[in-house]
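Take a look at the structure below.
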Amino acid sequence: MKKKIIVLMLAVVLALTALAGCGPESSGDDHGEEGPIAGEPEVTEHDSTPINILALKGPTAMGMVQMMNGVDFGGFDGHEYRFTLAGAPDEVAPAIVQGTVDMAAVPANLASVLYNKTEGGVQVLAVNTLGVLYIVERGENINSVADLAGKTIYASGKGASPEYALNYILRANGVDPEKDVTIEWKSEHAECLSALLADENAIAMLPQPFVTTAMTKAEGLRVALDLTEEWDKVQSGEPSPSMMITGVLIARKAFVDEHPEAVDDFLAHYAESIAFTNENVDDAAVMIGNYEIVPEGIARLAIPECNIVYIDGAEMKDALSGYLSVLFEQDPASVGGKLPEDGFYYVK
């Protein structure tokens with residue numbers, strides 16, 4: 001009887017030993033326990049959703065070059081950013097409306113127009129460019145906004161921020177843009193440059209970096225007026241002065257709602273990229289030239305004059321809403337018929 005019991009006990013022990021041997025083996029690097037090691041932080045998984053971004057060739061794209069360079073050289077582990085450069089704003093709106101891009105750098109007033117057109121389908125994430133408009137001439141005739149009366153101004157950007165900003169500044173200085181000046185609207189900045197080269201008495205409104213390009217090609221060309229400074233002069237007496245804003249970054253509202261973490265990660269990288277462009281002009285100019293945004297030499301001279309910024313949150317809302325209010329007072333159509341509601345602004 002005792003022998004039978006001993007044999008039975010041995011059989012049980014052997015069975016348990018065999019079952020233990022069938023359990024999961026140690027990987028050799030798990031320190032003998034499952035899950036995170038005591039005292040070590042858990043690894044947080046980021047939202048790695050691909051983001052399609054469209055930017056215009058100009059200051060907004062210049063602020064993105066470090067990110068673009070990082071994409072090409074593997075600088076964003078866990079994130080997939082796909083950049084496309086466009087030559088004109090009319091390429092941007094259809095892409096956003098049709099959902100072929102998730103984010104886009106657009107003129108400030110176009111962001112509001114798209115918000116109204118899509119019935120709240122877009123949000124503005126950040127201001128990326130302040131005023132970049134300048135009045136340039138060959139000569140010494142223009143020293144104030146009032147001096148533009150009776151003159152012909154070559155300009156591009158009709159129906160967009162440049163037209164509304166110029167009209168506002170002219171009217172605020174007693175110059176009627178419909179009666180007191182002749183504004184020759186061109187389809188491209190290059191046409192304004194051609195007019196400057198053809199007529200030594202020509203006056204043009206140009207944005208950076210085209211001002212710098214023009215000054216390298218037209219001898220004797222000078223910046224007569226900085227329209228950002230002129231805007232600030234007009235606004236200085238207002239209870240809540242607004243800023244002149246050229247460009248903003250927008251996103252499809254559905255994308256923001258579905259991927260808030262991916263959006264926040266992108267914005268953090270974007271802020272770093274803009275800081276890099278402003279603080280490392282020579283290196284940024286090389287990248288800008290490589291991506292054929294503008295030639296490297298032009299970029300090096302233009303970056304300090306381009307007012308490339310990163311403003312988000314409540315400060316962005318205050319600045320942009322003030323700017324859009326000024327445009328709305330001139331012409332409601334300039335912002336899409338009505339001012340955007342609070343949901344337009346991405347404020348956490």
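No lab work stands behind these numbers, since they all come straight from the coordinates. Predicted model, so just to flag it, every value in this text is computed and none were measured. A quick note on method: Cβ atoms are made from the backbone with ideal geometry, for glycine too, and the neighbour counts reach across all protein chains shown.
Past the 31 Å Cα-Cα mark, which pairs from Lys158/Lys348; Lys151/Lys217; Lys117/Lys233?
Those over the limit are Lys158/Lys348; Lys117/Lys233.
Kirkwood-based Rg over Rh for the stretch 83-124 (C-alpha set), two decimals?
Rg/Rh: 0.91.
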TODO: Straight distance only, please: which aspartates and glutamates reach the Cα of Lys179 with their own Cα at less than 17 Å, same-chain residues fewer than 8 apart left out?
DONE: Asp147, Glu163
Task: Neighbour-count ranking [beta-carbon atoms within 10 angstrom, fewest first] of Asp102, Asp265, Asp282, Asp199 - done: Asp282, Asp199, Asp265, Asp102
Task: Karplus-derived 3J(HN,Hα), 6.51/-1.76/1.60, for each residue of the stretch 284-293, Hz, glycine and proline x - done: 5, 4, 4, 5, 4, x, 4, 8, 6, 6
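Please arrange Val124, Val106 by counting, for each residue, the other beta carbons lying within 10 Å of its beta carbon, fewest first.
Ascending Cβ contact count within 10 Å gives the list Val124, Val106.
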Open item on the list: I'd like the Karplus ³J(HN,Hα) series for the stretch 105-110: coefficients 6.51, -1.76, 1.60, θ = phi - 60°, whole numbers in Hz, and an x wherever there's a Gly or Pro.
Closed with: 8, 9, x, 4, 6, 5
Task: Whole-Å semi-axes of the stretch 98-200's equivalent ellipsoid (Cα gyration tensor) - done: 31, 16, 12
Task: Karplus-derived HN-Hα couplings along the stretch 115-131 (A = 6.51, B = -1.76, C = 1.60, θ = phi - 60°), whole Hz, x at Gly and Pro - done: 4, 6, 5, 8, 6, x, x, 10, 10, 8, 9, 6, 7, 10, 8, 8, x
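For the chain, what does -39500 (n - 2.57) per DSSP helix run (n ≥ 4), summed and divided by total residues, give at 222 nm, in deg cm²/dmol to the nearest 500? Please list the in-between numbers first.
Working: 14 runs with 149 residues, N = 348.
That calculation yields -13000 deg cm²/dmol at 222 nm.
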- [ ] Write down the radius of gyration of the chain and its Dmax, each obtained from C-alpha positions, in Å.
- [x] 28.8, 124
Open item on the list: Given bins 10 angstrom wide, list per bin the percent of all Cα-Cα distances in the stretch 141-235, short to long.
Closed with: 16, 53, 30, 1
